[in-house]
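Enquirer: One structure follows; several queries about it will come next.
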Amino acid sequence: MNMVKIARPFLVTAAALAVAAVPMIVPAAPAVAQKRGNSVEREVAAFYAARGGQLVWLTPTSGTAARDLLQLLATSQVEGLNPNRYNVRGITRALQSGGGQRADMMLSTAFVNYVRDTKRDPGIGIVYVDQELKPGAASASSLLSQAASAPSLSSYVQSLGWMNPIYGQLRQALASRLYRSERERQLLTLNLDRARVLPSGSQRYVVINNAAARLYMYENGRVVDSMRVVTGKPTPAAQTPMMNAFIRFAVLNPYWNSPPDITAHNLAPNVLKRGPAYLKEKGYEVMSDWSDNARVLSPASVNWRAVVAGQQEIRLRQKPGPANSMGRMKFMFPNSQGIWLHDTPLKEKIEDAARLQSNGCVRLEDAPRFARWLFGQNLKPAGARPEQKVALPTPVPLYITYLTAVPSGTSITYFDDFYGWDRARLGRVASNVSRSPSPSS
């Protein structure tokens, strides 16, 4: 797994966020944004009315929160946002004029707009299996209540406490110019978009980074365990997609259905060489179709040469056992892409440096350990019966992403763009820029 690590200290203080951003053209705020802003002002007014006018940002205990927020807003172009939308100059004038409730409410309005903008869906091809895990516009009341209840409002703002820590650190790297070239700046910006949809807060969740071929288990906002994984091959049909879904149940003693290409290229040739004994030895059954009610057929009913030649497609199902490609268990988040997490008997694949060898599903280094974390106990099948389903009492969010630039301590680690998604997206950006009209046109 090739990677490049750039080590320069993060400037994580509020002052670092005020570093001049990379120059770029900032478009005027569209009319729809202004209309939405008026709606936010009404929500903010209702929030203050409900708490008797109590201030949020300009209290004796709020520390430097107001200044920290203004610095975030003023440098928001590093996130692809428009600082003009947040009325930084108007807020600054209100603060210089003595502050008070009006200035506090202006800060709250800007805060709500900014949080909603940072938590938007980036539109980069993420599959939302469960729509609850798609970013949405939270109410002003909930956003402001969360901020007001933070142990330290200034720390909450400086760390972008409403976002995943990865997002906050990538943003700090951009604001601090922790990059050596325009290409690295673009990569940081691209990965910032991918990090937008990662969760914040203290709930349990799972993140799989395809680019790093690693799974991370989170509790209370921090990684409590991680393991290596094998993800999809770089060929387009086998790539593991970016997905947000709830893990809902495990299956013990699973069957494995061989994909048609593996059946034709890997399994059928062995049947031609060794006959039906090969199928019996490996635990394969020939099925009548792909439905749940499929019947087991005799191997003699199949023209295996036609299967090898790609002229006939059949379904081969492997029964549970030591050689089963699913291993002892799989973890399900039902989706139309046919992706899941599973155990594997091929432990040597986990040891490979470039762990991009599956057909899209994700093989786990230690499935029983992952099961213990998910369920709080060891999972053991009740006998040899296939496909034993064990429901999770509370579904756990899973985020499969593709982070090729990742904060690592005080540096940024860059991973190879195995799937070519960086090249494709940055190529589209360059193409759009080249087609933009010149200032004189």
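The values are calculated or read from the model by the stated rules, or taken from the named source; none is laboratory data. Here the structure is a predicted model, which is why all the values come from computation and not from measurement. Here the Cβ positions follow ideal geometry from the backbone for every residue, glycine too, while neighbour counts run over all protein chains shown.
Enquirer: Answer yes or no as to whether Ala277 is in contact (Cβ under 8 Å) with a residue 40 or more places away in the chain, more than 20 Å from Pro395 (Cα to Cα) and of a type in the set (A, V, I, L, M). Break it down stepwise before answering.
Expert: Values: in contact (Cβ under 8 Å) with a residue 40 or more places away in the chain: no; more than 20 Å from Pro395 (Cα to Cα): yes; of a type in the set (A, V, I, L, M): yes.
No: the conditions fail for Ala277.
Enquirer: On to the next question. So which residues in region 182-204 are surrounded by fewer than 21 Cβ atoms within 10 Å (Cβ to Cβ) and among the β-branched types (Val, Ile, Thr), if there are any at all?
Expert: Of everything in region 182-204, just one residue is surrounded by fewer than 21 Cβ atoms within 10 Å (Cβ to Cβ) and among the β-branched types (Val, Ile, Thr), namely Thr189.
Enquirer: Among (1) closer than 18 Å to Ile91 by Cα; (2) at pLDDT below 50, there is one condition Leu58 misses while meeting the rest; what is its number?
Expert: Among (1) closer than 18 Å to Ile91 by Cα; (2) at pLDDT below 50, the lone unmet condition for Leu58 is (2).
Enquirer: If you don't mind, another one. Does Val157 fit the bill of being closer than 15 Å to Leu58 by Cα, touching a residue at least 40 places away in the same chain (Cβ under 8 Å) and of a type in the set (Val, Ile, Thr)? If you could, list the steps in order and put the result at the bottom.
Expert: Numbers: closer than 15 Å to Leu58 by Cα: yes; touching a residue at least 40 places away in the same chain (Cβ under 8 Å): yes; of a type in the set (Val, Ile, Thr): yes.
Yes; evaluated as a whole, the condition is true for this residue.
Enquirer: Between Gly221, Gly232, Gly201, Gly283, which is in contact with a helix residue (DSSP H, G or I) (Cβ under 8 Å, 6 or more places away or on another chain) and at positive phi?
Expert: Values: Gly232 fails: at positive phi; Gly201 fails: in contact with a helix residue (DSSP H, G or I) (Cβ under 8 Å, 6 or more places away or on another chain); Gly283 fails: in contact with a helix residue (DSSP H, G or I) (Cβ under 8 Å, 6 or more places away or on another chain).
Just a single option satisfies the conditions, and that option is Gly221.
Enquirer: If you don't mind, another one. Out of the residues in region 246-303 meeting the condition of being surrounded by fewer than 15 Cβ atoms within 10 Å (Cβ to Cβ) and among the hydroxyl-bearing types (Ser, Thr, Tyr), tell me which one is nearest to the chain's Cα centre (by Cα).
Expert: Ser291
Enquirer: Let me ask you something else. Looking at Pro122, Pro151, which one is in a loop (DSSP other than H, G, I, E, B), surrounded by fewer than 21 Cβ atoms within 10 Å (Cβ to Cβ) and in contact with a helix residue (DSSP H, G or I) (Cβ under 9 Å, 6 or more places away or on another chain)? Step through it out loud before you land on a result.
Expert: Working: Pro151 fails: in contact with a helix residue (DSSP H, G or I) (Cβ under 9 Å, 6 or more places away or on another chain).
Criteria check complete, one pass: Pro122.
Enquirer: From the set of residues in region 221-231 that are in a strand (DSSP E or B) and under 16 Å from the mean Cα position of the chain (by Cα), which is nearest to Gly360 (Cα to Cα)? Walk me through how you get there before you give the answer.
Expert: Filtering region 221-231 down to residues in a strand (DSSP E or B) leaves 222-231.
Adding the requirement that they be under 16 Å from the mean Cα position of the chain (by Cα) leaves 222-223, 226, 229, 231.
On the way: Arg222: 27, Val223: 25, Ser226: 20, Val229: 12, Thr231: 6 Å.
Checked region 221-231; the qualifying residue nearest to Gly360 (Cα to Cα) is Thr231.
Enquirer: Related question: Take the conditions at positive phi and either surrounded by fewer than 18 Cβ atoms within 10 Å (Cβ to Cβ) or in a loop (DSSP other than H, G, I, E, B) (or both) and apply them to Gly90. Does it pass?
Expert: no
Enquirer: In this structure, does Ala138 turn out to be within 27 Å of the chain's Cα centre (by Cα), modelled with pLDDT under 95 and farther than 30 Å from Gly427 by Cα? Don't jump to the end; show me each part of the working.
Expert: On the way: within 27 Å of the chain's Cα centre (by Cα): yes; modelled with pLDDT under 95: yes; farther than 30 Å from Gly427 by Cα: yes.
It is true that Ala138 is within 27 Å of the chain's Cα centre (by Cα), modelled with pLDDT under 95 and farther than 30 Å from Gly427 by Cα.
Enquirer: Looking only at region 160-198, count every residue that is in contact with a strand residue (DSSP E or B) (Cβ under 8 Å, 6 or more places away or on another chain) and not in a helix (DSSP H, G or I) and tell me the total.
Expert: 5
Enquirer: Quick one: in region 95-114, which of the residues that are at pLDDT below 95 and of a type in the set (Gly, Ala, Ser) is surrounded by the fewest Cβ atoms within 10 Å (Cβ to Cβ)?
Expert: Checking each candidate, the answer is Gly98.
Enquirer: Residues of region 296-323 being under 17 Å from Pro254 (Cβ atoms) and in contact (Cβ under 8 Å) with a residue 24 or more places away in the chain, which ones?
Expert: Within region 296-323, Arg315, Leu316, Arg317, Gln318, Lys319, Pro320, Gly321, Ala323 qualify.
Here's the yes/no breakdown for (1) acidic (Asp, Glu); (2) in contact with a Gly (Cβ under 8 Å, 6 or more places away or on another chain); (3) crowded, with 18+ Cβ neighbours inside 10 Å:
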{"site": "Leu174", "(1), (2), (3)": "no, no, yes"}
{"site": "Arg180", "(1), (2), (3)": "no, no, no"}
{"site": "Val224", "(1), (2), (3)": "no, no, no"}
{"site": "Thr240", "(1), (2), (3)": "no, yes, yes"}
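Enquirer: In addition: Is it true that Pro381 is assigned by TED's automatic domain parsing to the domain that holds Lys330, outside any loop (DSSP other than H, G, I, E, B), at negative phi and more than 21 Å from the chain's Cα centre (by Cα)?
Expert: Details: assigned by TED's automatic domain parsing to the domain that holds Lys330: yes; outside any loop (DSSP other than H, G, I, E, B): no; at negative phi: yes; more than 21 Å from the chain's Cα centre (by Cα): yes.
Here the answer is no, as Pro381 does not meet what is asked.
Enquirer: Can you name the residue in region 64-80 that is at pLDDT 95 or above and part of a loop (DSSP other than H, G, I, E, B) and is also nearest to Ala173 (Cα to Cα) among such residues?
Expert: If we take residues in region 64-80 being at pLDDT 95 or above and part of a loop (DSSP other than H, G, I, E, B), then Thr75 is nearest to Ala173 (Cα to Cα).
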